[in-house]
Amino acid sequence: MKFLFASDSFKGTLSSERITQLLEAAAGRTFPGCETAGVPVADGGEGTIDAVISALNGTYRRLTVHGPLMEEAQSFYGEFEGDSAIIEMAAASGLPMVPADRRNPLNTTTYGTGELIRDALDRGYRKISIAIGGSATNDGGMGAMRALGVRFLDDQGNELEGRGRDLTRVADIDASRMHPAVAQAGFTVMCDVTNPLTGPDGATYTFGKQKGGTPEILDVLEGGMVRYAALLKEKLGVDVDKIPGAGAAGGLGAAFCVFLKANLKSGIDTVLDLVHFDSLLEGVDLVITGEGRMDWQSAFGKVPSGIGKRCRERGIPVAAIVGGMGDKAETIFDYGIDSIMTTINGSMDIEEALERAEELYISAADRTFRMLKAGMSLGRK
Ligand SMILES: Nc1ncnc2c1ncn2[C@@H]1O[C@H](COP(=O)(O)OP(=O)(O)O)[C@@H](O)[C@H]1O
Ligand SMILES: O=C(O)[C@H](O)COP(=O)(O)O
């Protein structure tokens, strides 16, 4: 019996690596002597640098940047031998960095992510991967581009800060003062979702609510984002609106396409390739994956859908252990995931679930393995 563990982190509560440790212990309790392997994975959101640094022996560079509300924030990116670096936008502009009562995508900015890129360029890195997702922002990437020298102007010629609310004001773009090293560098962008920039499946209406957007705020931001997309097309000649991934991280994907001439890739597929996931599947009987919350968004390129796709191609069953389930979580059954177990095991509010994350995960892991063991005896009589 061989199990492979490859779960996304549970945002803000459990890292991918910790989940692997908990699964290894639980597997041994129900299947003593079973063979297990684990690999940290991520899809572009929080935890992507950790997964890639552990797979490729990178090191962390730590620095101070501006967080999502322009506050001072400690951040980091990953450095590798040669001239490669990996940046995770969630490490500078991520949702957990904003206290719940201050979350409002009109006010947040990706400026800090631009500062990370600027630092990497200044230190000579020219092959830069940027993982995007898990953001607190819906600014179309204006903040990040401003940190790299692009000026976004209102109809009076005043420079805008590059927060979400500026999407409704931006009337002109001046990219002439872009950091000179941008032109010498190659950027690969790892998106955690495949959503377009605008529309019902776009950045604002899909992910704006979790960033604190009320229906009224989302309507304002969507109006601004439509305007912004038209301006990018008019001033820079690039039509990003329908590119898959342009809507990742509140439209940061779109800005990277336009200003950095970046290729947008699936974050999970890129990470799975980097950790040689396909070869890890050799001889595996069952894979366990998961994420903090599984819902209809999970099929848009998140960890479970990426893992499910590769396992289904090889006929390997996949069980998911997730914190909670939301709307249409069962859609994931069409993407190679065979079952979903939640860690929340009784009536409790989300705060309690987050506080007791590890204990609840252990219980769910034990229940999962017991269920698998029971399933193995089916048809034996
Ligand atoms: N231990 C947990 N138990 C229940 N829900 C959790 C837990 N950890 C995170 N979550 C929920 O998961 C949500 C984030 O989803 P997750 O799948 O981890 O991130 P992402 O969608 O960025 O990949 C959080 O808003 C939180 O409500
Ligand atoms: O808006 C974003 O940051 C993402 O691309 C999706 O966010 P999530 O991974 O935090 O749900």
Q) Scanning region 240-258 for residues that are more than 14 Å from ligand 2 (Cβ to nearest atom) and modelled with pLDDT of 95 or more, which turns out farthest from Arg151 (Cα to Cα)? A) Cys257
**Q.** Long-range neighbours under 6 Å by Cβ, at least six apart or interchain, first residue charged (D, E, K, R) within region 9-36, second open to solvent by 10 Å² or more (accessible area, probe 1.4 Å)
**A.** Lys11/Glu46; Lys11/Gly292; Glu17/Pro40; Glu24/Thr36; Glu35/Lys2
Q.
For the structure I just gave you, tell me whether Ile337 is assigned to a loop (DSSP other than H, G, I, E, B), at pLDDT 95 or above and either within 15 Å of ligand 2 (Cβ to nearest atom) or crowded, with 24+ Cβ neighbours inside 10 Å (or both).
A. yes
Q. Can we say Ala262 is within 24 Å of Ala203 (Cβ to Cβ), more than 15 Å from ligand 1 (Cβ to nearest atom) and either under 20 Å from the mean Cα position of the chain (by Cα) or not charged (D, E, K, R) (or both)?
A. yes
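If you take just the helices (runs of 4 or more DSSP H) that sit entirely in region 48-134, which of them hold at least 2 residues that are modelled with pLDDT of 95 or more and surrounded by fewer than 24 Cβ atoms within 10 Å (Cβ to Cβ)?
Details: elements: 48-56, 90-93, 111-122.
Output list reads 111-122.
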Q.
Condition (residue is of a type in the set (D, E, K, R) and touching a Gly at 6+ places or on another chain (Cβ under 9 Å)) applied to region 62-76: is it met by at least one residue?
A. no
Q.
Need the failing condition index for Ala26 against (1) under 30 Å from Asn195 (Cα atoms); (2) open to solvent by less than 20 Å² (accessible area, probe 1.4 Å), just the number.
A. (1)
**Q.** Extreme residue, most open to solvent (accessible area, probe 1.4 Å), among residues of region 349-369 that are away from ligand 2 (no atom under 16 Å from the Cβ) and at pLDDT below 95
**A.** Glu351
Q) Does Gly162 satisfy being modelled with pLDDT of 95 or more and farther than 22 Å from Ile128 by Cβ? A) no
Q: Could you tell me which numbered condition Ile243 fails, if it satisfies all but one of (1) among the β-branched types (Val, Ile, Thr); (2) under 29 Å from Gly12 (Cα atoms); (3) open to solvent by 10 Å² or more (accessible area, probe 1.4 Å)?
A: (2)
Q: Quick one: which residue in Tyr228, Tyr205 is among the aromatic types (Phe, Trp, Tyr) and buried (at least 24 other Cβ atoms within 10 Å of the Cβ)?
A: Tyr228
Q: Of the numbered conditions (1) under 30 Å from Gly308 (Cα atoms); (2) of a type in the set (Ser, Thr, Tyr); (3) within 20 Å of the chain's Cα centre (by Cα), Thr36 fails exactly one; give the number of that condition.
A: (3)
Q: Please verify whether region 300-313 includes one or more residues that are more than 11 Å from Ile337 (Cβ to Cβ), within 16 Å of ligand 1 (Cβ to nearest atom) and touching a strand residue (DSSP E or B) at 6+ places or on another chain (Cβ under 6 Å).
A: yes
Q: Go through region 344-381 residue by residue and tally those that are more than 23 Å from Cys34 (Cα to Cα) and among the hydroxyl-bearing types (Ser, Thr, Tyr).
A: 1
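The values are calculated or read from the model by the stated rules, or taken from the named source; none is laboratory data. Just so you know, these numbers come straight off a predicted model, no measurement behind them. As a convention, Cβ positions derive from the backbone with ideal geometry for all residues, glycine included, and neighbour counts pool all protein chains shown. Keep in mind that these areas ignore ligands, DNA and RNA; they rest on the heavy atoms of the full protein, side chains included. Shrake-Rupley method; radii C 1.70, N 1.55, O 1.52, S 1.80 Å.
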